[in-house]
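As structure tokens, the structure follows; a few thoughts come after it.
The values are calculated or read from the model by the stated rules, or taken from the named source; none is laboratory data. Keep in mind that what you see is a predicted model, and the values were worked out from it rather than measured. Using ideal geometry, Cβ is built from the backbone for each residue, glycine included, and neighbour counts are taken over all protein chains shown.
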């Protein structure tokens, strides 16, 4: 029997009975954009994330772009980003005309290294954009101290870590304004695309709501050049159902990750995830590293065990960023992670028997 990298079967089973009436309610309402369901979800997610405000938008990339626009970051500005991240983080910065300034991750946690940030700050630096990668919270206390010292904004990219904490405070609640994604594969995933912005600042909340809706507060009256980026009523209603289950699903992810940790420890040439002191991890992705990554992936594939690589090419080596002039070797930690990482199946509903099949095959591979 094959083991997929990701399955929605249990999640869908958990919520199916609640989804149908939520869907029917939207159809019957005859109001499909920026209605009561979006408002209700925004209030619920803000409460979940312990922020004053949540602004639903079309997707996670738009959430990042709008966050930058809200802060009036643009041409000639610089934004500090991780060298090790999904390219959306960089694309958002480029989309507003600013320049991404990469900072290497810690090699053990894969998250941006606060010790390397200050050397990259210039008079053009306007913000730091930490990414809580794979589900683990960044070292936010240190990041916030740096930002405060240098009068910089913080924009959290919280697309992968809904529910994770640093020193007991939730990711997505530290920054001036923060972005998340409800892409279907996320810990809180929609049945389509979606995203949101979170903030405690009333003025930033007001500006984000205006910019997501054509720069308009009143229909047909446009204050600024905005975007059309709105979380729709249907996705908001379905997300409201799933949000009630998120903490339980995250706990299930942690339980499964602990099995991997216990059973795979001590294998030569296999590096397991490390969680930083004071951080928690909600395991959107369980990524191991090995110099034999490609061979291991091929072997597991031959056993019908699904895996993915997050991510095979770091942003600075993508063709999209050739103009920045970075060559191979510019960011060795990001490159090493890209060359050696492999994501194993981990999702609510993954059976322990399937996990042990995965684990036993990994052990057998390394014994050869």
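Quick look at the numbers
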| read-out | value |
| --- | --- |
| Hits in region 183-222 - residues which are surrounded by 16 or more Cβ atoms within 10 Å (Cβ to Cβ), out of contact with any strand residue (DSSP E or B) (no Cβ under 9 Å at 6 or more places or on another chain) and more than 24 Å from residue 244 (Cα to Cα) | 207, 211 |
| Only listed residue being buried (at least 18 other Cβ atoms within 10 Å of the Cβ), outside the structural domain of residue 134 (by TED's automatic domain parsing), out of contact with any helix residue (DSSP H, G or I) (no Cβ under 7 Å at 6 or more places or on another chain) and touching a residue at least 24 places away in the same chain (Cβ under 8 Å), chosen from 321, 347 | 347 |
| Residue count for region 200-238, restricted to those that are closer than 17 Å to residue 38 by Cβ and assigned to a strand (DSSP E or B) | 5 |
| Subset of region 297-315 [out of contact with any helix residue (DSSP H, G or I) (no Cβ under 7 Å at 6 or more places or on another chain) and not in a loop (DSSP other than H, G, I, E, B)] | 297, 298, 301, 302, 308 |
| Cβ pairs under 7 Å, 6+ apart, first in region 143-171 and farther than 24 Å from residue 194 by Cα and assigned by TED's automatic domain parsing to the domain that holds residue 69, second buried (at least 21 other Cβ atoms within 10 Å of the Cβ) and at pLDDT below 95 | none |
| Residues located in region 111-148, provided they are in a helix (DSSP H, G or I), under 20 Å from residue 180 (Cα atoms) and in contact with a helix residue (DSSP H, G or I) (Cβ under 7 Å, 6 or more places away or on another chain) | 143 |
| Some residue of region 216-231 being closer than 30 Å to residue 141 by Cβ and in contact (Cβ under 8 Å) with a residue 24 or more places away in the chain | no |
| Residue check for residue 270: more than 12 Å from residue 134 (Cβ to Cβ) and more than 22 Å from the chain's Cα centre (by Cα) | yes |
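Listed here are the residues, each with its yes/no results for (1) part of a helix (DSSP H, G or I); (2) over 20 Å from residue 243 (Cα atoms); (3) at pLDDT 95 or above; (4) outside the structural domain of residue 227 (by TED's automatic domain parsing).
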site: 40; (1), (2), (3), (4): yes, no, yes, no
site: 43; (1), (2), (3), (4): yes, no, yes, no
site: 48; (1), (2), (3), (4): yes, no, yes, no
site: 51; (1), (2), (3), (4): no, no, yes, no
site: 56; (1), (2), (3), (4): no, no, yes, no
site: 64; (1), (2), (3), (4): yes, yes, yes, no
site: 67; (1), (2), (3), (4): yes, yes, yes, no
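Okay, residues lined up against (1) closer than 22 Å to residue 202 by Cβ; (2) touching a strand residue (DSSP E or B) at 6+ places or on another chain (Cβ under 9 Å); (3) surrounded by fewer than 24 Cβ atoms within 10 Å (Cβ to Cβ):
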{"position": "89", "(1), (2), (3)": "no, yes, no"}
{"position": "116", "(1), (2), (3)": "no, yes, yes"}
{"position": "142", "(1), (2), (3)": "no, no, yes"}
{"position": "157", "(1), (2), (3)": "no, yes, no"}
{"position": "160", "(1), (2), (3)": "no, yes, no"}
{"position": "165", "(1), (2), (3)": "no, yes, yes"}
{"position": "177", "(1), (2), (3)": "yes, yes, no"}
